[in-house]
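First the structure, in the form of structure tokens, and then the observations on it.
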Amino acid sequence: MTAAGSVIRAADWPPTVAAGDSTTISNITSTTFITGSPVVATTFTAPTSGRVKITVGGGMQNNGATGRVTLAPNVFAGTGPGGTEVLGVASPLRTELTCPTEAASFYYASRSCTLEGLTPGATYYARVMYRVTAGTTGDISRRDIMIRPLS
């Protein structure tokens, strides 16, 4: 947090970044998180506070009456997925975004979480992952991710 009267530096507020894709992915069967093609990802610089708000959004539908399609953010230190994972898809932050089981047409939504403890000035890589629950298939019509610095 920046105190009143403090000098604000450019590194305190790096730009908000976002990535998205509207490629339709049909008949998803993977029950483990995957990136899909094309990968929806971006890099960002951690602000002085070490805190960012991550928003994942998309359009999802299930092809049965029992399953769900789930989107989740995944974050690594560095410029790609080869770095140390700092936010996993099974995070206790409960970052998953899921369509209702009755979503027989595309359901568009977003969900945000706060990621803390980042190294100020360091570069991070964030991507969208997805899966379906067992016993169903699903479709995705849109995937988005946005990272906004916080004080």
What relative contact order, as a whole-number percentage, does the chain give when Cα pairs under 8 Å and 6 or more residues apart are counted? 43 percent
For Thr133 and Thr84, compute 0.36 nm times the residue count separating them, minus their Cα-Cα distance, and round to one decimal in nm. 14.9 nm
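Counting Lys and Arg as +1 and Asp and Glu as -1, each charge on the Cβ, what is the dipole of the chain about the Cα centre in debye, to the nearest 20?
Charge dipole, the chain, about its Cα centre: 160 debye, nearest 20.
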Work out the FRET efficiency for Thr101 and Thr23 from their Cβ-Cβ distance, taking R0 = 35 Å, and round it to the nearest 0.05. 0.90
Integer Hz, Karplus 6.51/-1.76/1.60 couplings in order for the stretch 43-59, x for Gly and Pro: 10, 8, 9, 5, x, 4, 5, x, 10, 9, 9, 10, 10, 10, x, x, x
At 10 °C and a viscosity of 1.306 mPa s, what translational diffusion coefficient does Stokes-Einstein give for the chain, taking Rh as the Kirkwood radius over Cα pairs? Give it in µm²/s as a whole number. 100 µm²/s
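Values in this text are rule-based calculations from the coordinates and carry no lab data. As the structure is a computational prediction, the values presented were derived from the model and not from experiment. Cβ: placed from backbone, ideal geometry, glycine included. Neighbour counts: every protein chain shown.
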